[in-house]
Amino acid sequence: MTRPSVQSSVVTVRAGRIACVQDQSEGRLAVLIAESGGSQPSPPEATLTDRAQVPELLKSRKVELVIRLVPASQTVCRILPLPGMTGEDRAAMADALSLLAEAELPSSLPWHRRAAGILQLDGRAAAVLTGWVPSASDSTSASPLSTIPEVWLAEIAALAGLAHAAGAGAMVGVADRPNSSLSLLAFGPKRSLGRTLRLSASGSAWPEAVRQAWSESAAAAGIDVPVPGTDGLLMNLPGTVRLAGANRDREWIGRYGLALGAVALYSDPDAAVSALVGLTPGEPQRATPIVQRAVDWLSLPRNAAIVASVCVGLLLLAPWGAAQVRYSMLRTQAGPLPELSARLTETDRRAEFYKLLGQKRWPMTKLLADIAGATPVGVMVESIELSQGDPVTIRASAETSELVSAFRKNLGDTRVFTRVETPTIEASAQSVSFTLQARLAPEGAITNSKPIQDFATKTLAQHLYGDDAVSYSGSDDVRDTDASDSGDRREDRRSSSQRERNEPSRSASSRAERSPTAAAPVIPAALSDADINAMDRTAAMKEWGVRRKASTQAGLDPATKERLAAEAEKCRARMQAAAASGGSGT
C-alpha cells in the first residue's frame, strides 16, 4: 500500500487487503474488509464491532491500509464541469484536478486536506472537489485506530461511489440526524451540484428540512426525483441490489454502503477517480534517505565541529588504544616478566642443545634400547640400521600381521620416532617379514621413553611360556617349572650361554673349560598329533618354544633332535592356525 504523495493527494492503487471503517450509532464501528487490485476480487467481509476491538480485528485479517470517512459536517464540496482535456492520460487529469481544487477550495485548507476527482451519476460525469475543514475535535475523532497506515475520504465522495455501483439514479443523499448534517448529490441536465449542509432543525422539524433541501437541489439540477426518506441513505433502490458479488438488502446497504463505496473508489484503476481517496489529518512525513539526513545534520556548524573533533580524537587515540589492547593481550598470555625471562632462557638453552645434538652423533645405545622396549613379544628383529640424519631402518619378522601393526604403533607412542612406515611386508605360511622405517623426532635423542612392556614385572620367559615360568640367573641348570601339572619340563636359558652371547670376545678355550660341568640335556616328552591339535594358541606357543630350545642343546642324538624339531614345527603350525581362526581356543 502507498501513502499520499507530497505533491498531491493521489493514491496509487496496489493489490492488497484494505479495510474501510465507518462510524455507526452508539459508538459502534462498521468494518468492511476487501481485497483491492486482484484479478478476481472475493466478496468483502462486513463486521460490526467496538472501537477497542478494531486493532485486533485488523491485525488478524492482515489488513495493509485503513480507509476512514470524514463526516459531512466537517467537509466542503464543489462540483465543476470537467476541464477541457483530451486524451487518456488520467494521471495528468488527476494533477489538473488537484490544481483546480487548490484554486477553488478555501485557501485555509492545507494540501493534505484537499482531494479532487471525477465521479459519475446516471451516466453524467463531473469534477468533484472535496476539503476537510480542521476542527477542535480532530485530535479525538481523527486519532488512529491502530498502527496500520490510514487515509481518509469525504463522506459525499463515498456516497457517489456507492450510487454509481448500485445504479441509484441521478440524485442521492445521506441524512445524518445525530450530527445535523445532510449530503446531497444531483447530476441533472441543467447542472451537476453537490451540497454538504448543516441543518439547524431538530425533532419533528427535521424531516421537513430534509425534504425542502432535497426539492431545492433537484430543481436546481433540473430533475424531478421524489425524496426517498429523511434519515440515513437517501436512494431510490429496490428491495435487494447486486453489490460486491452478492445480493444486498436495504439494511445491509444502510450499514455498510458508504464503506463499500469508499472501497470501490480506492480500487478504481482510473487515477482521476481514486485520487479522491487520500486525505490525511496531518501532513505526511516524506521518508528522507539516510544520506540526505546525514548531510542535513552535518550542514549545521555546531554538528560539523563535533564530528571533526571526534575524528581528530580517534585519529590520535586509536593507535594508542590498539597498542594498549595488544600489550594487555601479550601480557596476559606471557605472564610476569621474570617467568617470561626464565622461559626464554630455557628455550635458548634447549635450542643450543638441539643444535649441538644435530651436529654430533646420535646416542645409539639409547635408541637401540628404545627400539627394544617397543618391540612386542613375537617379533624377531633381524637388523637395525642407524645412520646420522637418515631414517632408521628395521628388518624383522613377526608371527602375525597384528604384531607388525602393534610394533609400528609402539614406536610412534614412544615420542622418540615419528613418521613410522612399513614400506615392505611379505607374508608367508610361517611368519610375516617386514621392513619398518622411522624418523628421529626433534627431541627424540633426549626423550625418556618407558618400555611398552615392563619385563621387570613380567619376564620374557613368562610372556613366552606362561606366568609359572621362572628364570634363575647365575645358574647353569634349567629347572622344570610345571612337572607336577603336565609332566612337561621347561628349561630356562643358561647363564653361561647368555654370557657367551653378550661377550663374543671370550675364547673357545674358556667355553671348553665349562663344558665338562654342564648339566645333562633335558628332553621334553613326546607329543602326538592329537595332543598338538587339541592345543590352543597359547599352549602351542609354549610347546613350540620348549622344543625349539631343547633341539639346540648339545649332546642330543640325531633321532631325538629330529623328533624335537618336527614337534616344534607342528606346534608352530598349530599356533598359526589357532591365530587365523580368530580365537585362542581349539
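Please treat every number below as a calculation from the coordinates, not as lab data. Keep in mind it's a predicted model, so treat the numbers as computed, not measured. All Cβ positions, glycine included, derive from the backbone under ideal geometry; neighbour counts span all protein chains shown.
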Fill in the blank from the handout: Residues whose built amide H sits under 5 Å from the amide H of Thr75, excluding neighbours closer than 5 in sequence, are Val133
Exercise for the section: Mind scanning Lys542/Lys570; Lys366/Lys458; Lys549/Lys570; Lys366/Lys450; Lys409/Lys458 and naming the pairs with a C-alpha gap bigger than 19 Å? Expected result: Lys366/Lys458; Lys409/Lys458
Problem - Euclidean distance between Cα centres, the range 530-551 to the range 283-312, Å - result: 98 Å
Practice task
Per residue of the range 423-434, in order, report the coupling 6.51 cos²θ - 1.76 cosθ + 1.60 (Karplus, θ = phi - 60°) as ³J(HN,Hα) in whole Hz, putting x for Gly and Pro.
Solution key: x, 10, 9, 10, 9, 10, 5, 8, 7, 10, 8, 8
Handout entry: Ranked by how many other beta carbons lie within 10 Å on average, peptides 214-224, 261-271, 383-393 from highest
Key = 261-271, 214-224, 383-393
Problem - the range 95-179: C-alpha gyration tensor shape, a/c 1.5 cut-off, then a/b vs b/c - result: oblate
Exercise for the section: Just grab the label-to-label distance for Ala456 and Glu385, each label 7 Å out from Cα along the Cβ direction, in nm (one decimal). Expected result: 3.5 nm
Practice task
Mind checking the full-extension length gain between Glu562 and Ala287? Use 0.36 nm per residue of separation minus the Cα-Cα distance, one decimal, nm.
Solution key: 88.1 nm
